[in-house]
1. Of the residues A:Val68, A:Val80, A:Val76, A:Val87, only one is closer than 30 Å to C:Met14 by Cα, more than 9 Å from chain C (Cβ to nearest Cβ) and out of contact with any helix residue (DSSP H, G or I) (no Cβ under 6 Å at 6 or more places or on another chain); which?
2. Output the qualifying pairs, or none if there are none: Cβ atoms under 7 angstrom, residues six or more apart or on different chains, first residue in the range A:188-208 and under 20 Å from A:Ala89 (Cβ atoms) and in contact (Cβ under 8 Å) with a residue 12 or more places away in the chain, second residue in a helix (DSSP H, G or I) and polar (S, T, N, Q).
3. If a residue must be closer than 21 Å to B:Leu388 by Cβ and among the polar types (S, T, N, Q), how many such residues does the range B:213-262 contain?
4. Here is a check on your reading of the model: is C:Gly148 in the same structural domain as C:Leu247 (by TED's automatic domain parsing), of a type in the set (Gly, Ala, Ser) and surrounded by fewer than 23 Cβ atoms within 10 Å (Cβ to Cβ)?
5. Sort out which residues of the range B:256-273 are more than 8 Å from every other protein chain (Cβ to nearest Cβ) and surrounded by fewer than 24 Cβ atoms within 10 Å (Cβ to Cβ), and write them in order of number.
6. Can you tell me which residue within the range C:85-101, out of those that are farther than 11 Å from C:Glu152 by Cα and surrounded by fewer than 20 Cβ atoms within 10 Å (Cβ to Cβ), is farthest from the other protein chains (Cβ to nearest Cβ)?
7. Looking only at residues that are in a loop (DSSP other than H, G, I, E, B), at negative phi and in contact (Cβ under 8 Å) with a residue 40 or more places away in the chain in the range A:226-242, which one is surrounded by the most Cβ atoms within 10 Å (Cβ to Cβ)?
8. Among the listed residues A:Leu86, A:Leu92, which satisfies the condition of being more than 21 Å from A:Ala274 (Cα to Cα), crowded, with 18+ Cβ neighbours inside 10 Å and at pLDDT 95 or above?
Amino acid sequence: MRRREGLAAWVFAAPALIVYFVFLVYPALSSLWFSFTDWDGLSPGYNTVGLDNYKDMASDPVVRQAAVNNLIWAVVTVVVPVVLGLVLAVVLNGKVRGKPVLRLIFYTPAVLPLVSVASIWGWLYNPQYGAINAALRAVGLDSLAQPWLGQDSTALGATMVAAIWLRVGFPMLLYLAALQGISPDLYEAATVDGASRWQQFWHITMPGLKPAHYVVIALSVIDSFKVFDLIYAMTYGGPGTATQVMGTWMYFNVFQYNQAGYGTAIAVVITVVAVAVSIPYVRSQTKEHAI
Amino acid sequence: MNRRGFLGLSGAAALATGLAACTGSSSSDRAGGSGTGSKTLRLFTYEDNSTIDLLKAQVKAFDEKNGTTTTVDSLPGSGAAVYPDKLRTELLGGKGPDVWRIWGGQIGAPFVDAKQAADLSAFYTKFGWDSKLSPAAVEGMTFDGVKGGVPFIGAGIGGWYSKAAFSKAGISAPPKTYAELEAANAKLVAAGITPASLGGKYGWDIMRLFEYLLEVSAGPGLHDKLLVGAESWDRPEVVTAFTNFKKWQDQKWLPEGAVGLDPADVENWYVQGKAAYTLTGAWTEAQGIQAAGKKSEDFGVFQLPTDQSQARHSGFVEGYMVNAKSGNPDMAAALIDFLIQPASLEAVKVTNAIVAGAEPDKAALPLSYEWSQGPGKQPFYTIQDQALPKKQADQYFAIQSNVLQGKTTPADAAKKMQDVIKAWKK
Amino acid sequence: MTKTRGGLGTTVVMTLVALLWISPLVLLVITAVRPLSDFIANGPLSWPGTFTFDNFADAWGIGNFATTYRNSLILLVLKVPLGVFISAMLAFALAKLRIRFGTAIMYTVFLGLTIPIYITIVPVFVMARSAGITDSLIGLIGPYLAFGIPFEVLVLQSFFRQLPDEILEAARIDGAGAWRTFLTIALPLSAPALVTVFILDAVATWNEFLFALILLNSDAHKTIPVGLLNFQGQFSNNNTGLAAGILIAVVPILVAYTFLQRWIVGGLTAGASKG
């Protein structure tokens, strides 16, 4: 019986695993090799250089800056969209009019091609003619008007605002789906017992969403570690290197600076960090499994 | 200009092709590689939708005359960021195009260095290109002495201005010296007008200002030597250029937060009345002024005054290259010769050709014509997003950005630039 | 009745927040309905002097949408259901079947989320070339499937875990095999999760740019994101055309989302009554 089920399990697992290994794991592993070489990404030849690429990272000031930016980015663009997404999901699952329209509006930014996202926010942030500074000046806050994308101190923050705008729909959608798994009976019983909405949220909704929290937070963390295209499109890593993150810095090295070996080493580091971060998540998921 | 703009993700292609080469199944296995009589050609270009059909019509005319079949593929878009990488993929991937269009400088150079592009000296003799093409432009397609491409477009950077803005500020004529330019800037600011609209989101195009300031302070000889690392950057001329650069931002001669602005957004400010002028090429007459429904006569163009005995401006060339492994290089060269005939260039609306007899139409594009007859005939230095490899160019731009924000002093900037160039040349 | 009364305050607040949220998009719509000359002459943030719908007709031609729409739809129809289905199978095996090395598989799949897509394009390109499927839509399906799998598996397995074991056990006692349990109980009960994953995967597939750019050559095979490049010129962008093109490109996804979201919020009850 048990063996038969074991076999059935592999039949279920096989199609996805085969595709996954052929088109993702194998290509990723074969790229890994280049992190130990000085390959330029163009020439037919290269030398193996051992761990030199990894050592070089330690003395690369841009790597340091990128790591700090990644950390800030991870905290802000995980916490804010997840909390906002949760609030939206709970509200839009409750008593509000026009729910379908509201759900559409909060999700729409996630659908847009990044070209347009970068253009739109570039226009909004324009120091002299942008809507944001215009709004600040209109309410008398002239002193707060900034060249948002044009100075090191505000550029990263400015991209994070766009990221939040873009990403709120994702946790919202996952939480909305998860909320359907909580039985309405629980709320009815709580209401009968005289529990307030707030108490219901903390004692029924939040515990009921526990599995969803794991998924949403894990995916958001990974997503924010991988951040690349939004920054590439909005600031191109600039001004100077002020908004470089590991993802963009890897990309510049591999594809634009003809330093494929070094860039791949950066990618390996990103992956290792992301896996380390994900260990608690995978544990939590497999613990229940080991019955 | 738009290259290096967004959507450069395709750099991956370069890596892909590199690996293709490593795995051994290299491009030599292309079909039809043998024999010289292949009647099929492939042309790869980055023509956009406004001209691609015109080009295809010209190619068809060539095919009808020669009994060939030529496929034209185009990858329009943000130019150098996407296109060269895709081209590299195709070249190493097994069936590259026979003829491709490309920019000069450090963008075209790798294809010649890697011997993917054929040496065209013999065809220069055969078709007499040397006498038809501007020597300065041919120089831009010559790499280490190898004539690797046939230039047909040469673009020079000048000051394009709004006459209304100048007269509002009481400026009667375009500046003739650098001091006059500064004076004009001051008058414009006093009149509440932003003088020069430039943006530095990708490094360019604000570097067009810096390279000009460097030409002013260093002069042609030293400027050229600096770019190839033959002279140290840690010198007063360079410090002066950085000091002036910072002055432009501090005096509000540039838009607020210029380093963060997308050049595509700010280039047309002089047309929109938000700035007095910009530093750009003749394409702005058709794509800026006339595309906005305005008249050329309300605008003007001047060569940026350098106060040097030899007047130069920055510029770049575009041309065609021939695949070193083309099945029929003779026919490929003949196609190029056909496409750079003045009649063909006119048919595909090329307005900045460097081919004798293909000047811009004086009636339709008076300013472009005026430029081509004056500054356009003068020598130029390579625009600095093409004069240095991408990595060094980006470091150069980062230093410029730090100077504008006051995070690096001009003296330190000169030292740092020397470090960058020294590391590159090592 | 209680419904509207209870929600009035929230509705007002949410409407205001929603208005703020879509305000950047208004820029996109305005850009799409003004003439290019007006855009160039006055800049993106000005109010249009005239309005026009010509951009949409022009954009249809410039973006080669007749072809790219068809290609993107083919990819969507072939890839997304298949990807969600095989991911659901793997997720089910991880969550509800006693599979050996389950933990190792979980780690491996999680690893996939962290791999930057552009790192793998190298070997993928080489594989596609040796299989002779560059410049074809078929060549995109493998990589697209592979990059969707980690995310889909992780979301789905987490939802499957929530299914009460008693229901599955009851089915087993009734003589249902793993397949029948999966198809008739696990999938219907997880409708909200499946639809969610379906939407997210559809959006990712619809917008994928890098693989499509590298693997496809000819106009006849290009997808929508690659076709959008046609709005960029060397020196200037056709911004109004691009805005119209983007609206043309995203509308079907938004329409699909609007319809599908009913299943997210209405899914469980339907499934439960069946089970």
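1. Answer to the selection: A:Val87.
2. A:Ala190/A:Gln200
3. Residues meeting the conditions: 4.
4. Judged against the criteria, C:Gly148 is not a match.
5. Answer for the range B:256-273, where residues must be more than 8 Å from every other protein chain (Cβ to nearest Cβ) and surrounded by fewer than 24 Cβ atoms within 10 Å (Cβ to Cβ): just B:Gly273.
6. C:Phe101
7. A:Pro239
8. After applying the criteria, what remains is A:Leu86.
The values are calculated or read from the model by the stated rules, or taken from the named source; none is laboratory data. Computed from a prediction, not measured in an experiment: that's the story for all the values here. Note that we place each Cβ from the backbone using ideal geometry, even for glycine, and neighbour counts take in every protein chain shown.
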